[in-house]
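Coordinate-derived values only; no laboratory data. Bear in mind the structure is a predicted one, so any value in this text is a computation, not a measurement. Reconstructed Cβ throughout: ideal geometry from the backbone, glycine too, with neighbour counts over all protein chains shown.
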Amino acid sequence: MNEQLDKVAEALKKRGFKAVCCASGAEARDYVMKEAEGAKSVGFGGSVTVKSIGLVEELAKTGKEILRHGDPSLSPEKKVEVMHRELTCDLFLLSANALTMDGRLVNIDGNGNRVAASIYGPGKVIFVVGRNKLVDGGLDDAIARIKRCACPPNCRRLNKQTPCTLTGECADCSSPDRICMVTVVMDRRPRSTDVHVVLVDEDLGY
Ligand code: SF4
């Protein structure tokens, strides 16, 4: 196992999070499926990481209520309704845009629904974080990572008309399609939420 993952897991535990290290995405999926056993409803934060390890399909098979605002079949009205319901689901799944070695989770969001649900509302929140999200530095380095490695590909994936979609670089734009509206640093586990961080020794998402 990657020693860095062990170190960051210890740092996360000191900050009140439950943290586990998994050797593969498959192992991370098994962990989440076990943690999901008591949940009647599961919300998804629109994470490429969570999707890539097959959790959407596996959880859909269990008969639980699946709340996925990123489902392309949803009408705009239904999408808003699902986003609201995700805020109070039993289990909310997402990744982090960056994770510092001293155990701080950093996310940049557009609507803020993803970060809101990660902080308060759902009974349990699980971040699935690939090793590529680790940042050996402080918050500035974490934000730089997000602007360099996460936002441009997310803008392209979501077909946003932003400068970074075209150039791959952040221009701190004023575009109506800008996805960088809210930056959230989770310094410690929010008091009312059971937050797990599943660290995976694979590159997952971006
Ligand atoms: S501020 Fe604009 S250009 Fe920069 S990463 Fe965000 S959406 Fe892209």
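List of remarks:
- Only DSSP H runs of four or more residues enter the estimate; each adds -39500 (n - 2.57), and after division by the residues of the chain the mean residue ellipticity at 222 nm equals -9000 deg cm²/dmol.
- Within the stretch 10-124, the proportion of C-alpha pairs whose separation exceeds 24 Å stands at 23%.
- Across LEU105, LEU93, LEU55, mean-square fluctuation computed from a Gaussian network of the chain (C-alpha pairs under 10 Å connected) peaks at LEU55.
- Counting other Cβ atoms within 10 Å as a rough exposure proxy, the listed residues VAL184, VAL50 run VAL184, VAL50 from fewest neighbours to most.
- A simple count of charges around ALA116, restricted to other residues whose Cβ falls under 14 Å of its Cβ and scoring Lys, Arg +1 and Asp, Glu -1, yields 0.
- Fraction of beta bridges assigned by DSSP in the stretch 8-162 that are antiparallel (%, nearest 5): 15 percent
- Radius 10 Å from Cβ of GLU58, net charge of other residues (Lys, Arg +1; Asp, Glu -1): 0
- Principal semi-axes in Å for the chain [√(5λ), Cα gyration tensor, largest first]: 24, 22, 15
- Residue exposure sequence - MET33, MET181 - by fewest surrounding Cβ within 10 Å: MET181, MET33
- Cβ-placed point charges (K, R +1; D, E -1), dipole of the chain about Cα centre in debye, nearest 20: 360 debye
- Residues HIS69, HIS84 arranged by fewest to most Cβ contacts within 10 Å: HIS84, HIS69
- Calculated FRET efficiency for the pair ASP136/VAL182, C-beta based, R₀ 25 Å, to 0.05: 0.50
- Across the chain, C-alpha contacts under 8 Å between residues 6 or more apart give a mean separation that, scaled by the residue count, equals a relative contact order of 30 percent.
- Residue pairs exceeding 18 angstrom between C-alpha atoms, taken from LYS51/LYS133; LYS13/LYS124; LYS14/LYS34: LYS14/LYS34.
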